[in-house]
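The block underneath contains the structure these notes are about, expressed in structure tokens.
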């Protein structure tokens, strides 16, 4: 594969429908903007519709806005119903939205905020929309993970919601590890169907609003040093865009920046932690996620 994959390599997207969560700012904005410029009909699935509308006004092409609050299963179900009504087919579902290093908070459904938003919210949305992707050849589910999936990361099945003690970094690591385990398990379940694939990506160290909850002791050094090891949101979005559009992509792959430490650089195939490939844990996480969200996937689970 080429090491210099850029925005110019995005194939023509006319006739394709792409849903991008968290698309009003940062990585999601850039992902949606580039897809729309290549001709895709893009839906900005965002919590704040006013911000989403302002973002859409800055884009060129067929761009619409859908209210989606990933911290609420009620909102996710409502958004999925709207999207299903508006789009008989979906080509790309890009699970991009996320929160990082937040103080301990819970979602409307009582889930720890980072796990609930980054993993459970996207798990539920994907399950509710998947039958719109399955009939579409070349359709993809792209879920954005992070370098953070390696940092203090484990799936704490005995305390998924961090009720006994709380670590901002550990909770983020769990959520981002869950994103990868979800992608790999989804691909295993999709493989017999032969149409839709699941792929993961990470943006490296991108300078976006995602870092706004970084603890105060780290925030000032991060601000000073950011230009040395981070990249802009437009570059950070490229691994996601490659995972979503490169014809050579295969289900179950993981894309990230190719530079030192995967912090920045052109998007390329990267590897994830051994924990992310734990088959037993992934199947357990899937079952728990179904139980917590009440969402099951329209797949023949016997065909494994």
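Can you say whether residue 76 is assigned to a loop (DSSP other than H, G, I, E, B) and either more than 23 Å from residue 13 (Cα to Cα) or in contact with a strand residue (DSSP E or B) (Cβ under 6 Å, 6 or more places away or on another chain) (or both), as far as the supplied structure shows? Against the criterion (assigned to a loop (DSSP other than H, G, I, E, B) and either more than 23 Å from residue 13 (Cα to Cα) or in contact with a strand residue (DSSP E or B) (Cβ under 6 Å, 6 or more places away or on another chain) (or both)), residue 76 does not qualify.
Taken over segment 82-110, the residue count meeting the criterion of being touching a helix residue (DSSP H, G or I) at 6+ places or on another chain (Cβ under 8 Å) and more than 30 Å from residue 164 (Cα to Cα) is 10.
A single entry from 170, 194, 204 fulfils the requirement of being surrounded by fewer than 24 Cβ atoms within 10 Å (Cβ to Cβ) and modelled with pLDDT under 95: 194. Of all residues in segment 120-167, none satisfies the criterion of being surrounded by 22 or more Cβ atoms within 10 Å (Cβ to Cβ) and free of Cβ contacts under 8 Å to residues at least 24 places away in the same chain. On the stretch given as segment 79-98, residues that are crowded, with 22+ Cβ neighbours inside 10 Å and in a loop (DSSP other than H, G, I, E, B) total 5. Restricting segment 250-265 to residues that are in a loop (DSSP other than H, G, I, E, B) and modelled with pLDDT of 95 or more leaves a set whose member that is surrounded by the fewest Cβ atoms within 10 Å (Cβ to Cβ) is 250.
For residues in segment 235-249 being touching a strand residue (DSSP E or B) at 6+ places or on another chain (Cβ under 7 Å) and within 14 Å of residue 144 (Cβ to Cβ), which is surrounded by the fewest Cβ atoms within 10 Å (Cβ to Cβ)? Per the criteria, the residue is 242. One residue alone among 31, 71, 102 is under 20 Å from the mean Cα position of the chain (by Cα), part of a helix (DSSP H, G or I) and either in contact (Cβ under 8 Å) with a residue 60 or more places away in the chain or within 28 Å of residue 204 (Cβ to Cβ) (or both), and that residue is 31. Restricting 63, 49 to residues that are free of Cβ contacts under 8 Å to residues at least 60 places away in the same chain, in contact with a strand residue (DSSP E or B) (Cβ under 9 Å, 6 or more places away or on another chain), surrounded by fewer than 16 Cβ atoms within 10 Å (Cβ to Cβ) and over 15 Å from residue 237 (Cα atoms) narrows the list to 49.
The values are calculated or read from the model by the stated rules, or taken from the named source; none is laboratory data. Quick caveat: nothing in here was measured; it's all calculated off a predicted structure. Because the Cβ atoms are built from the backbone with ideal geometry, glycine has one as well, and the counts that use them run over all protein chains shown.
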